[in-house]
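Take a look at the structure set out below.
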Amino acid sequence: MGIRVAVAGASGYAGGELLRLIAGHPEFDLVAATAHSQAGHRVDVVHPQLTGLDLVLGETDPATLADADLVFLALPHGQSAALAAQLPAEVRIVDLGADHRLADPYAWAQYYGGTHAGQWTYGLPELPGQRELIAGSARVANTGCYAAAITLALAPLIADGAASPADVVVVAASGTSGAGRAAKPHLLASEVMGDLSPYRVGTHQHVPEIKQATGATGLSFTPVLAPMPRGILATVTAVPARGVDPQDVLARAYADAPFVHVLPEGRWPHTAATLGSNSCHLQATVDVDSGRLIVLSALDNLGKGAAGQAVQNANLMLGLPETTGLSIWGTAP
């Protein structure tokens, strides 16, 4: 018998990716998967890519999850905290929602609304000292998808003193799976294909998380919906605080990070190269006209931006090598 794991919210895109990764994990045994409207359906009916996974989705009930050693919560924002509070203290939890990411109650109220549930250990192992904190925690808040892509690009530059934290501009494009699986008119194929559309301009909920994780004090963020199922490509620009090669700063920061790849000069990140992996690809340069630092970051929003990141965190929490059950390489084309 391996490590017993359960997934709440298993009918969504991130939940389905979690099930796929757990099924292929050499140390995990999937003992429960729950949903709301899809409860009672077989997993391989809801997720045809998981044909042969003989499991029926149960009701999202604490009693169904409490027998696991570790529970992944892949629930909508604002729904994780109440469920987590009903699980035994000895059950480890990785929350893929936003409920426990932010330290500042005011920021939570401003961007999400409702009662702030308190902060858990932030689940981005590549930040300095974070691996050790995650390994010693029973409750971990997984990163947001945009936040993962942008933080990995920006945090080392601010920490090194290479970039000013006061003037950061980000434009990032994401695939439609980032908006979840619920049927929405603006996500219909006929609306999305052949189109790029900005949304939540200047008000995106990942802004306070990115500022908290990177040390940025001024951040302008424009997210863009792209006509593809999954992937994020973020363009991060900042004012240099001193003369520096940003590529060198990133290479030193991630020299021992198995899932973060600083690409050789002349090669630029693109989303297809990270598809199906838990990797983030980075490239940096200095704009010859403005002098701004530019970092391009690509990852799979359901991989390093969600389910893959959650499994990486779980591995650390359980004393396993962080790469266990995860792929460094993508599946393109």
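A single entry from THR214, THR203 fulfils the requirement of being at pLDDT 95 or above and β-branched (Val, Ile, Thr): THR214. Annotation note: of ALA166, ALA238, the sole residue that is more than 24 Å from GLY97 (Cα to Cα) and crowded, with 22+ Cβ neighbours inside 10 Å is ALA238. When VAL140 is tested against (1) β-branched (Val, Ile, Thr); (2) in contact with a Lys or Arg (Cβ under 9 Å, 6 or more places away or on another chain); (3) under 22 Å from MET228 (Cβ atoms), only condition (3) is not met.
Residues are listed down the side, and each one gets a yes or a no for (1) in contact with a Phe, Trp or Tyr (Cβ under 8 Å, 6 or more places away or on another chain); (2) surrounded by 20 or more Cβ atoms within 10 Å (Cβ to Cβ); (3) not assigned by TED's automatic domain parsing to the domain that holds GLY12:
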| position | (1), (2), (3) |
| --- | --- |
| LEU30 | no, yes, no |
| ALA35 | no, yes, no |
| VAL45 | no, no, no |
| VAL71 | no, yes, no |
| GLN86 | no, no, no |
| GLU90 | no, no, no |
| VAL94 | yes, yes, no |
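From the list ASP44, ASP29, ASP54, exactly one residue is among the charged types (D, E, K, R) and at pLDDT 95 or above. Which is it? ASP29 is the lone residue from the list that is among the charged types (D, E, K, R) and at pLDDT 95 or above.
Of the strands (runs of 3 or more DSSP E) lying entirely inside region 189-296, the ones with 2 or more residues being more than 21 Å from ALA310 (Cβ to Cβ) are found at 219-225, 232-240, 280-286. Within the set VAL140, VAL168, the sole residue that is modelled with pLDDT of 95 or more and under 19 Å from GLY291 (Cα atoms) turns out to be VAL168.
The residue of region 228-248 that is nearest to GLY194 (Cα to Cα), among those that are of a type in the set (Val, Ile, Thr) and under 23 Å from the mean Cα position of the chain (by Cα), is ILE232.
The values are calculated or read from the model by the stated rules, or taken from the named source; none is laboratory data. No experiment lies behind these values; they were computed from the predicted model shown. All Cβ positions, even for glycine, are placed from backbone atoms using ideal geometry, and neighbour counts span all protein chains on display.
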